Amino acid sequence: MDKISIITVTFNAEDVLERTLQNIFQQTYPNLEIILIDGKSTDNTLKIIKKYENKIDFWLSEPDKGIYDAMNKGIQKVTGDWVNFMNAGDIFVSKQAIEKTFQNIPKNMDVVYGNYQISYQNFQKFKKVPADLQNFYQGMSLNHQSIFIKKTTIQDFLFNLKYSLAGDYEQLCRLIQANKKFHYSDVTIADFADGGASATQKVRYLKQVQEISAQFFPEFTQNEQHFRQKIQQTQQLEKLKSILSVPIFEGLMRLKNQLKK
């Protein structure tokens with residue numbers, strides 16, 4: 001049975017880390033490796049890590065150059081066959097999430113990915129990802145908490161620190177360009193907590209994604225208009241969010257999500 005390495009990256013995560021760790025410990029998949037990379041937290045994060053260090057295979061706490069630098073450090077410590085990133089605040093949607101994902105996986109795959117959900121303060125939004133990546137030039141349609149990459153592959157495709165918000169998208173573009181084999185598993189894998197760096201700096205994030213897309217998919221000349229529209233929509237939503245209370249704004253978002261179904 002393949003070993004799955006779960007990398008958790010933290011920085012001042014005392015409010016959310018314990019929930020994430022306990023969720024990983026509860027996974028029914030029996031062959032897990034847990035690696036935790038902390039960016040020299042100044043709160044009680046280290047106390048929580050030490051509380052569970054007998055269940056953590058490797059951990060370190062030292063300054064880093066950002067989240068993707070910390071992820072790269074974790075990749076270098078992996079001894080498993082597959083790598084997943086489940087950062088502080090995020091969780092697997094069920095105890096069987098990994099077990100279900102790896103049922104009947106074809107041989108010689110480089111990347112396995114599945115569905116996910118986003119947790120807002122007052123509601124959750126389910127995201128079914130595409131079974132093929134033909135429209136990946138339009139942006140990040142996957143979720144890195146719901147992706148497993150072969151160790152032998154990811155160690156040759158470390159995150160590019162140039163892209164502080166969209167490094168996962170750039171990495172996947174390189175994997176696609178290198179003709180690595182992707183497998184879609186129709187399983188809801190992770191629950192992604194809204195409010196991460198890419199969510200709170202959405203316009204800057206989209207501009208990074210646009211730059212990356214233009215680099216890897218220059219044949220799609222309509223990309224500039226596509227991203228211009230996405231940035232305008234994001235700016236409008238951010239303006240609305242600044243005016244409305246959280247319950248009212250999320251109520252509108254929930255209604256919009258229901259109307260799409």
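The table that follows gives values for the structure above.
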| quantity | calculated |
| --- | --- |
| Residue among 112, 78 that alone is surrounded by 14 or more Cβ atoms within 10 Å (Cβ to Cβ), of a type in the set (Val, Ile, Thr) and in contact with a His (Cβ under 6 Å, 6 or more places away or on another chain) | 112 |
| Boolean, residue 110 is acidic (Asp, Glu), farther than 23 Å from residue 2 by Cα and in contact with a strand residue (DSSP E or B) (Cβ under 9 Å, 6 or more places away or on another chain) | no |
| Single residue of region 146-178 satisfying the filter (closer than 18 Å to residue 202 by Cα and surrounded by 18 or more Cβ atoms within 10 Å (Cβ to Cβ)) that is nearest to the chain's Cα centre (by Cα) | 168 |
| Residue in region 89-103 that is within 22 Å of residue 154 (Cβ to Cβ), modelled with pLDDT under 95 and among the β-branched types (Val, Ile, Thr) present | no |
| Any helices (runs of 4 or more DSSP H) falling wholly within region 19-103 and containing at least 1 residues that are charged (D, E, K, R) and without any contact (Cβ under 8 Å) to a residue 24 or more places away in the chain | 45-51 |
| Pairs with Cβ under 6 Å, 6+ apart, first in region 236-261 and at pLDDT below 85, second surrounded by fewer than 12 Cβ atoms within 10 Å (Cβ to Cβ) | 246/121 |
| Residue in region 124-134 that is more than 16 Å from the chain's Cα centre (by Cα), outside any strand (DSSP E or B), among the hydrophobic types (A, V, I, L, M, F, W, C) and surrounded by 14 or more Cβ atoms within 10 Å (Cβ to Cβ) present | yes |
| Residue check, residue 8 assigned to a strand (DSSP E or B), crowded, with 19+ Cβ neighbours inside 10 Å and on the phi < 0 side of the Ramachandran plot | yes |
| Which listed residue is polar (S, T, N, Q) and under 15 Å from residue 10 (Cα atoms), from 45, 28, 79 | 45 |
| Hey, residue 60 closer than 23 Å to residue 164 by Cβ and surrounded by fewer than 21 Cβ atoms within 10 Å (Cβ to Cβ) or not | yes |
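The values are calculated or read from the model by the stated rules, or taken from the named source; none is laboratory data. It should be emphasised that the depicted structure is a prediction, and the values quoted were computed from it without experimental measurement. When we count neighbours, we look across all protein chains shown, and the Cβ atoms used for this are built from the backbone with ideal geometry, even at glycine.
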